[in-house]
1. Report relative contact order for the chain in percent, whole number only (criteria: Cα-Cα under 8 Å, sequence separation at least 6).
2. What share of all Cα pairs of the stretch 160-253, in percent, falls into each consecutive 10 Å distance bin?
3. Rounded to whole Å and sorted largest first, list the principal axis extents of the Cα atoms in the stretch 302-350.
4. Output the relative contact order of the stretch 312-422, whole-number percent, from Cα pairs under 8 angstrom with separation of 6+ residues.
5. Assuming 0.36 nm per residue, please report the length gained on full extension of the stretch residue 183 to residue 153 beyond their Cα-Cα distance.
6. From the square roots a ≥ b ≥ c of the eigenvalues of the alpha-carbon gyration tensor of the stretch 255-349, which class results: rounded (a/c under 1.5), prolate (a/b over b/c), or oblate?
7. With just the Cα atoms defining each centre, how far is the stretch 62-77 from the stretch 95-151? Give it in Å.
8. List the residues whose amide H sits under 5 Å from the amide H of residue 93, counting only those 5 or more places along or on another chain, with H placed 1.01 Å from N in the peptide plane.
Amino acid sequence: MADYREMWSLLDMDLEKHDELCAVLPEFYGEIYMDQKNRPEGMNYFNMVVSEIHGLRVKELNDGKKDGKKVVGTFCVFVPDEIITAAGAVSVGLCAGSDFWHPDGEKIVPKNTCPLVKAAVGAYFGKTCPYFQSCNLIVGETTCDAKKKAWEIFSKEIDTHVMELPQMKREKNERHWEEEVALFKEKIEEVTGHTITEEELYERIKLHNEKRSVLKRLYDFRKVDNPPISGKDVLLITQIAFYDDPKRFIEMTNKLCDELEERVKENSGVYEKDAPRLLITGTPMAIPNWKMHHIIETSNAAVVAEETCTGTKYFKNLVSEEEKDMEGMIKNLASRYMKTNCAVFTPNKNRIDDIINMYKEYKADGVIYYSLPFCTCYAAEYMSVKEALEKEGIPVIMIETGYGLEDAGQIKTRLEAFLEML
Ligand code: BJ8
């Protein structure tokens, strides 16, 4: 990797602490990713992105800032990227997936806060993440309690906009969300100093739909009997989608998909024959949280899909391209995003339908209900999901685990017992 110390220092980062992070990541990634058998060539681009994770892309963001481009950090798939990019700003997903950031996070939020929020707070206040340090604005949402309180903490240090996400999906809640999307557009225009035109927004709606479509193309390859790509690799690609340049991401993912198409024709897969196929549902897995996938795929099983925000929730449903006027487009954006079935909603029956449909579509043999500790909404929703899956005769197991590897052996044992039952 090139030397980015000057850039990091200009970003006011804690260089010494950041060096510790940079020292462990390559080995960690190498162990988890580089030993996989028969990996597609197209993964080389994504390997490069990871090796440059705090370098090249951060440099691009900061070069853009010199030309007046703003950087907007987000934490939830409810925040419409289309509006950010239509104003000429760059959107970066800031959820953090390593316990490296927990000690700094625990200085500010209670120890028993969900690992994702604790890591994000630690990454920002410990000054060890160049993405946080590059942001002009961060955007929060009223989803879970941990996040809501985190925005108050962030807002003391950085311009923070909070979108008020309703907790139900009635007609009046839909209208309210439309207003929130319109307010968000105003905020982005204020921060960028740019009034978004109808043409700009329409172009970006098409671009982000294209990004969703390429991800759908990628995930569809996992439905075949002998998947040509591992779940671990697809998870990585989806995590990268949150901060890579959208046009380049579309191009490189399409290129990989062309290769996967050939592999399917040649029946060239990555798993052992008859490896049990698992669907994961639950809380998001922010980069570099690859723990669950790694445990599963080193236990001779395959992860064939994720009903999570770092899975299908990120790209499911396109924004309608029918309307080209501002009001119509805002309505269409709001309506697409409101279709996301997050556990913060009540009731949330559509999520259960999604899980059952995906189980069938991806020809899964069992479901892993994954939850980060202290995530009450996802943990509590397990009861209704379990009941519904059992009615359908779908085997399910809940695994609640954080970012640390101390419980990996125990999880493997439980998983192996589950796999034997399938
Ligand atoms: S749409 S899942 S990205 S809110 S894991 S911080 S819920 S305590 S991340 Fe999420 Fe948006 Fe919903 Fe998706 Fe809270 Fe739970 Fe932590 Fe979570």
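Each value in this text was obtained by applying a stated rule to the coordinates, not by laboratory testing. Everything quoted here is computed from the prediction, not taken from an experiment. Positions of Cβ are backbone-derived with ideal geometry, glycine not excepted, and every protein chain shown enters the neighbour counts.
1. Relative CO of the chain lands at 17 percent.
2. With 10 Å bins starting at 0, P(r) equals 13, 29, 33, 20, 5, 0.
3. 44, 27, 14
4. 20
5. 8.6 nm
6. Because a/c hits 1.5 or more and a/b fails to exceed b/c, the stretch 255-349 counts as oblate.
7. 18
8. 74, 243
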